[in-house]
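**Student:** Let me give you the structure first, and then I'll get to my questions.
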């Protein structure tokens, strides 16, 4: 069974280029909040591509992950670019800075790697540590994803993969009702289901496929 920490031992599993949505998120927050620097949290930061992208704006950046290798890679990536951030090894259900409050929080392709109960606890923890009017932006696997139903089902809509680079990794999938329930205490600014339908699946599909999976993109604000 593969662990998240082990995944980061292989360069092919390490993403270096940030999503363009991150830049839009930060610039939007800069327009909405006059306080400087902004305080931004990258939860489940992975190898640090989005931590570095946000740090390049000159704001106060926090990043956490439960994989020691992820924290090591993020620290190295920041150092190579002369940037700084507060880094902590932490489970997604806990904010490792108990007194911190953030203008914005992001999590990309990460929070769905858990049981529904723990995902809800993570979202509630994010809500707790945002300032009033603060924003969260994230992505979650859809129940229409090609990976739905692949693996051992450990609870409704949650599967542990049998194959691919994420063999042994947990994935929870959301339908629209589920994603809305997850954010029922928030103001939803934007919710989109990005549907990817594969017509053909060649050999080693799970290892080689470079394209996105069907997922939910969401931008919400703490009321």
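FYI, it's all coordinate maths here, none of it is from the lab. The structure displayed is predicted, hence computed values, not measured ones. Note: ideal-geometry Cβ built from the backbone for every residue, glycine included; neighbour counts use all protein chains shown.
**Student:** Give me the distance in nm between label points sitting 7 Å out from Cα along the Cα-to-Cβ direction at residue 176 and residue 15, one decimal.
**Tutor:** Computed distance between label sites residue 176 and residue 15 equals 2.5 nm.
**Student:** For helix 68-80, report the angle its Cα long axis makes with the longest principal axis of the Cα atoms of the chain; keep it between 0 and 90° and round to the nearest 10°.
**Tutor:** Roughly 50 degrees between the two axes.
**Student:** Another one. Helix 116-129 versus the longest principal axis of the chain: what is the Cα-based angle in degrees, 0 to 90, to the nearest 10?
**Tutor:** The angle comes out at about 10 degrees.
**Student:** On a full-extension model of 0.36 nm per residue, what is the gain between residue 24 and residue 194, subtracting their alpha-carbon distance, rounded to one decimal in nm?
**Tutor:** Full extension of this stretch gives 59.4 nm more.
**Student:** Share of antiparallel DSSP beta bridges in the chain, in percent to the nearest 5?
**Tutor:** Numbers: 21 of 39 bridges.
Within the chain, antiparallel bridges account for around 55 percent of the total.
**Student:** Please rank 40, 111, fewest neighbouring Cβ atoms within 10 Å first, as an exposure proxy.
**Tutor:** 111, 40
**Student:** Can you give me the C-alpha center-to-center distance between the stretch 20-52 and the stretch 97-112, rounded to a whole angstrom?
**Tutor:** Between the Cα centres of the stretch 20-52 and the stretch 97-112 lies a distance of 10 Å.
**Student:** Something else now. Under the 0.36 nm per residue contour assumption, what length would be gained going from the current alpha-carbon distance of residue 121 and residue 203 to full extension? Could you put the intermediate results ahead of the total?
**Tutor:** Working: separation 82, 0.36 × 82 = 29.52 nm, distance 3.79 nm.
In short, 25.7 nm is gained.
**Student:** Over the chain, with a Gaussian network built from C-alpha contacts below 10 Å, which listed residue (131, 189, 160) shows the highest mean-square fluctuation?
**Tutor:** Among 131, 189, 160, the largest mean-square fluctuation in the Gaussian network model of the chain belongs to 189.
**Student:** Given the rule -39500 (n - 2.57) for each run of at least 4 DSSP H residues, summed and divided by the residues of the chain, what is its mean residue ellipticity at 222 nm, to the nearest 500 deg cm²/dmol?
**Tutor:** Calculated from helices alone, the mean residue ellipticity at 222 nm is -8000 deg cm²/dmol.
**Student:** Provide the FRET efficiency to the nearest 0.05 for the residue 187-residue 88 pair, computing r from the beta carbons and using R0 = 25 Å.
**Tutor:** 0.35
**Student:** May I pose another question? Angle check, please: helix 20-32 long axis (alpha carbons) against the longest principal axis of the chain (alpha carbons), in degrees 0 to 90, nearest 10.
**Tutor:** The two axes meet at around 30 degrees.
**Student:** Put a dot 7 Å past each Cα toward the Cβ at residue 99 and residue 80; how far apart are the dots in nm?
**Tutor:** Roughly 3.5 nm, to one decimal.
**Student:** Okay, moving on. Going by how many other beta carbons lie within 10 Å of each one, how would you line up 196, 218, fewest first?
**Tutor:** Least crowded to most crowded, the residues run 196, 218.
**Student:** Still on this structure, I have one more. Which order results if 56, 161, 34 are arranged by neighbouring Cβ count within 10 Å, fewest first?
**Tutor:** With the fewest neighbours first, 56, 161, 34 line up as 34, 56, 161.
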